[in-house]
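Everything on this sheet refers to the single structure shown next.
The values are calculated or read from the model by the stated rules, or taken from the named source; none is laboratory data. Because the structure is predicted, anything quoted here is derived from the model rather than measured. Here Cβ is always computed from backbone atoms with ideal geometry, including for glycine, and neighbour counts include all displayed protein chains.
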Number of protein chains: 2
Amino acid sequence: MDTPWLDRRQLRAWIRLRAVLELLPGALDTQLRRDADVTEFDYYALAMLSEAPGRTLRMTELARQTNATLPRLSHVVSRLEARGLVERFPCPDDRRATNARLTDAGRAKVQEAAPGHVATVRHHVIDALSDEQIDQLARIGDAILARLDPTGSMAATYTRYDGAPGAEAPR
Amino acid sequence: MDTPWLDRRQLRAWIRLRAVLELLPGALDTQLRRDADVTEFDYYALAMLSEAPGRTLRMTELARQTNATLPRLSHVVSRLEARGLVERFPCPDDRRATNARLTDAGRAKVQEAAPGHVATVRHHVIDALSDEQIDQLARIGDAILARLDPTGSMAATYTRYDGAPGAEAPR
DNA sequence: GAGCAGAAGTTGTCGCTACAACCAATCATC
DNA sequence: GATGATTGGTTGTAGCGACAACTTCTGCTC
């Protein structure tokens with residue numbers, strides 16, 4: 001390998017990022033589980049569906065938009081389906097495929113959960129940063145994601161910012 | 001609440017951060033499990049111990065340095081102890097407390113795993129960013145952590161950059 | 001010096017995720 | 001129009017983390 005160790009500045013940045021990686025997901029999860037009885041991942045899956053045309057997405061597409069593997073999504077959707085928040089039905093165009101559609105109850109759940117979630121994201125991230133840092137963070141995220149998923153097949157890219165999912169007003 | 005929704009710039013940054021939160025830990029975990037048969041968390045626990053004087057830390061202090069809760073750390077250390085990488089013994093100063101000490105095998109494990117892990121961190125994060133972005137990331141991390149853990153009691157702060165843990169040459 | 005609040009850890013249980021194996025349908029190619 | 005490879009998705013299992021309950025010990029306060 002012969003890879004050089006990190007210098008002090010690099011290490012400082014990495015330690016911080018690692019701490020955020022460790023602490024932030026738990027904070028988001030705790031709030032949503034307490035206030036709306038859903039996981040942060042559940043919430044995003046529901047939110048993505050609520051933005052989709054017909055409130056419907058194919059499993060593969062939903063997995064891509066939530067940065068999840070297909071097995072994971074399948075389990076999650078099974079649970080959401082059992083709770084009546086989502087329904088599955090075979091895709092007419094491709095009989096291998098399955099569509100997931102948000103039910104009315106699911107839509108209500110998103111609307112119920114959204115304000116508290118947005119407030120939490122604001123409190124922990126957005127409001128902690130200056131406008132300049134917000135843009136810096138976006139570019140840093142881009143750069144890291146380009147390495148994590150070079151093909152771009154996995155990471156949700158969201159070039160459409162006109163009504164992007166998960167944190168806007170529910171339609 | 002009456003919290004405003006995120007605007008496009010904020011949303012862009014948040015979506016990126018969320019994707020990193022989802023994808024990066026898995027990438028680090030996969031590499032370490034494959035090449036050294038340890039979790040990323042296992043690795044950091046071992047690495048923190050390897051930096052500590054006498055390769056020993058109290059459980060509470062180790063939990064703080066790894067951003068973990070005490071129950072979680074207790075389980076992890078139990079597993080590491082069963083593998084002979086760590087040993088536990090009661091703290092003589094405070095009989096409530098437990099010390100965790102790195103064994104020779106544990107030290108060897110850290111040294112074995114470190115180069116590959118550092119290479120992965122470099123590849124996915126450090127080398128993806130400019131020097132300027134590295135510093136920006138550190139400051140952004142500081143700002144977010146200040147919100148996540150206002151008291152500073154939890155998040156590992158690491159003002160000591162002379163030989164910081166986890167990514168430097170093992171001693 | 002008795003009593004009590006809080007700190008330090010451990011343990012048990014439950015739910016979620018990763019991984020691997022698997023099935024079904026489509027596509028390509030001959 | 002068969003066959004092989006790939007895509008789309010589900011299921012089973014094992015392992016890890018969150019949470020709550022509990023024990024032991026310390027230190028305060030009266």
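Worth pointing out:
- When B:Val38 is tested against (1) more than 10 Å from DNA strand D (Cβ to nearest atom); (2) part of a loop (DSSP other than H, G, I, E, B); (3) among the β-branched types (Val, Ile, Thr), exactly one condition is not met: (1).
- The combined condition, being at pLDDT below 95, within 13 Å of chain A (Cβ to nearest Cβ) and crowded, with 20+ Cβ neighbours inside 10 Å, is not fulfilled by B:Ala169.
- Among residues of the stretch B:1-56 being away from DNA strand C (no atom under 13 Å from the Cβ) and in contact with a Pro (Cβ under 7 Å, 6 or more places away or on another chain), the one that is farthest from the other protein chains (Cβ to nearest Cβ) is B:Ser50.
- Exclusive hit being crowded, with 20+ Cβ neighbours inside 10 Å and farther than 19 Å from A:Val86 by Cβ, set A:Leu6, A:Leu49: A:Leu6
- Single condition B:Gly106 does not satisfy, out of (1) at pLDDT 95 or above; (2) surrounded by fewer than 18 Cβ atoms within 10 Å (Cβ to Cβ): (2)
- Lone unmet requirement of (1) at pLDDT below 95; (2) surrounded by 15 or more Cβ atoms within 10 Å (Cβ to Cβ); (3) closer than 30 Å to B:Glu112 by Cβ for A:Met1: (2)
- The number of residues in the stretch B:41-56 being outside any helix (DSSP H, G or I) and touching a Lys or Arg at 6+ places or on another chain (Cβ under 8 Å) comes to 1.
- Test: residue in the stretch B:58-65 that is β-branched (Val, Ile, Thr) and part of a helix (DSSP H, G or I): yes
- Residue check for B:His117: within 18 Å of the chain's Cα centre (by Cα), at the interface with chain A (Cβ under 7 Å from one of its Cβ atoms), in a helix (DSSP H, G or I) and under 15 Å from B:Leu32 (Cβ atoms): no
- Positions within the stretch B:70-125 being touching a Gly at 6+ places or on another chain (Cβ under 6 Å) and either within 16 Å of DNA strand D (Cβ to nearest atom) or of a type in the set (Lys, Arg) (or both), in sequence order: B:Leu85, B:Val86
- Residue ID - surrounded by the fewest Cβ atoms within 10 Å (Cβ to Cβ), chosen from residues in the stretch B:57-85 that are away from chain A (no Cβ under 14 Å) and more than 11 Å from DNA strand C (Cβ to nearest atom): B:Gly84
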